[in-house]
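Below: the structure, in structure tokens.
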Amino acid sequence: METGIRPLTLGEILDRTALLYRTNFLLFAGIFAVYAGLLMILNLVQIGVTSWFDFAHAGLAIKVALFGALAVKIFVIIAGAGVTTAAINRAVAWVHLGQRATISSSFKSILPKSGRYIWLTFIMYVIIGGPLVLGLVAGGVFLARTPGFLAGQIDTSNKGTMLAYVAIFGGFGLFFLGWLVYSTLMGLRYSLSVPSSVMEDLKAWASIKRSVYLSKGSRGRIFVLLLLALAIEIGFSMISQLFIFILAFKHHGQIGPVAQSVSQIIAFFTNAFLGPIYATGLTLFYYDQRVRKEGFDIEWMMLSAGMTTSADTGDASIMPAPPAPEPLSGTESTHE
């Protein structure tokens, strides 16, 4: 298979992303299904718990417990995202370099250092999402101090009170727009962090610095990939979840636990099928930037010709895939 280890245009990267995704669909979807399944289980548990308790009459202890459960859920989501993304990057790298990859070998290769990928993902979540959390907390504090808000009795005839609400919500709207710009720019800067950590055996902060260097000059192209991936996922989600919107409209926003559970099961398939697209494209961008900035294509040609080894070059990114016990054909060589 022609690996495309050469400088690629944006169109070529997008075409190759689609090609790898299509020809290795079961491999990539199988890896991402682990994370999608984790999300589904967590959401189903949350639906069950919230339907069991009546929030209007829930005691303070129950509310605190549910808040604690939410914190645990966030941590599990971050951990699952870090490990699964690393496994996807590893599988895409093997396939891109013309090597054999399986679901089990992809996870086995990254599990020994899974703590590193979880920590890296946590750092990026904090840097990117931290300002939004602080903004929400600040907005909540201002709202709590506004007359009538906590009691649910807002005096709409009081101009001062209404002006305070307008100022709070208007200010938060502007803050949110600013955060969107900030989060997009930071996300593009750090977009190659996980591939760098996986392929070059770098620690968390070193991976972030490496991503800032590698992504420079191609962040606009990566942004196009992000937009396309988001458009595809949002489009499919809206179509697959259309029945939820209809039910919510008919029942004035009230959706029963059964419908919510069905929605989560559908979301599992959507996430598993479409989730790998962005990670696949980022891995290709990682190699493309290394070709452009470091001559990785020449290094790979020398390695393929037996003129050097990955140990000679000191390049941890050139990692051989596990050997197949026997020749496989067709799509059987890319998944288990």
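The values are calculated or read from the model by the stated rules, or taken from the named source; none is laboratory data. This structure is a prediction, so every number in the text was calculated from the model and none was measured. Note that each Cβ is placed from the backbone with ideal geometry, even for glycine, and that neighbours are counted across all protein chains shown. Please note that ligands, DNA and RNA were not included when accessible areas were found on the heavy atoms of the full protein model with its side chains. Shrake-Rupley method; radii C 1.70, N 1.55, O 1.52, S 1.80 Å.
Converting phi to 3J(HN,Hα) with the Karplus coefficients 6.51, -1.76 and 1.60 and the offset θ = phi - 60°, region 76-90 yields 5, 5, 4, 4, x, 5, x, 5, 5, 4, 4, 5, 4, 4, 5 Hz in sequence order, with x at every glycine or proline. Per-residue 3J(HN,Hα) values for region 255-265, derived from phi via the Karplus relation 6.51 cos²θ - 1.76 cosθ + 1.60 with θ = phi - 60°, read 10, x, x, 5, 4, 5, 5, 4, 4, 5, 5 Hz in sequence order (x marks Gly and Pro). For Leu185, neighbours were defined as the other residues whose beta-carbon sits under 15 Å from its Cβ, and their charges (Lys and Arg +1, Asp and Glu -1) total +4. Of the trypsin sites (Lys or Arg not before Pro) found in region 211-298, the ones in coil according to DSSP and having at most 13 other Cβ atoms within 10 Å of their Cβ are Lys216.
Computed with every protein chain present, the accessible area of Ile128 is close to 40 Å² [probe 1.4 Å]. Each pair of Cα atoms in region 75-115 enters the Kirkwood radius, and Stokes-Einstein at 4 °C and 1.567 mPa s then converts it into a translational diffusion coefficient of 125 µm²/s.
What's the local net charge at Trp119, with K and R +1, D and E -1, over the other residues with C-beta under 13 Å away?
Taking every other residue near Trp119 into account, the sum is +3.
The phi-based Karplus calculation (6.51 cos²θ - 1.76 cosθ + 1.60; θ = phi - 60°) puts the 3J(HN,Hα) values of region 159-175 at 5, x, 5, 5, 5, 5, 5, 4, 5, 5, 5, x, x, 5, x, 5, 4 Hz, whole numbers, x for Gly and Pro. Ranked by solvent-accessible area (1.4 Å probe, protein heavy atoms only, all chains present), the residues Phe296, Phe245 order from largest to smallest as Phe245, Phe296.
Protection proxy ranking for 133-142, 13-22, 98-107, using the average of other Cβ atoms within 10 Å per residue and placing the highest first: 98-107, 13-22, 133-142.
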